[in-house]
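*Asks:* I have a structure here, written as structure tokens, and I will follow up with some questions on it.
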Amino acid sequence: VVRVRGLGFLLGLEFKEKAAPVHQALLERRIITGTSSDANVLRLLPPLTLKQEEVDLFVEALKEVL
């Protein structure tokens with residue numbers, strides 16, 4: 001991850017290379033992320049009812065993928 005950008009709950013994780021493989025690997029783990037017009041950015045838009053357990057699940061899955 002090169003940079004994290006965004007405002008509020010709308011976040012973009014910018015990678016050195018294309019984010020599509022990360023997006024696909026997270027989707028295989030049942031974690032939905034978004035794409036961006038910038039191919040190197042993985043978009044995150046969690047619900048306002050996000051729970052700590054869900055954040056922990058995402059962080060662990062992202063660690064595995066990266």
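The values are calculated or read from the model by the stated rules, or taken from the named source; none is laboratory data. A quick note: this is a predicted structure, and the numbers were derived from the prediction, not measured. Positions of Cβ are generated from backbone atoms using ideal geometry, with glycine treated the same way; all protein chains shown enter the neighbour counts. For accessibility, only protein heavy atoms count, side chains too; no ligands or nucleic acids. Shrake-Rupley method; radii C 1.70, N 1.55, O 1.52, S 1.80 Å.
*Asks:* Could you list, in sequence order, the residues of the stretch 11-57 that are farther than 14 Å from Val1 by Cβ, under 11 Å from the mean Cα position of the chain (by Cα) and open to solvent by 70 Å² or more (accessible area, probe 1.4 Å)?
*Replies:* Gln24, Leu27, Ile32, Thr35, Leu45
*Asks:* What strands (runs of 3 or more DSSP E) completely inside the chain contain at least 2 residues that are in contact with a Leu (Cβ under 6 Å, 6 or more places away or on another chain)?
*Replies:* By residue number, 10-14, 41-44.
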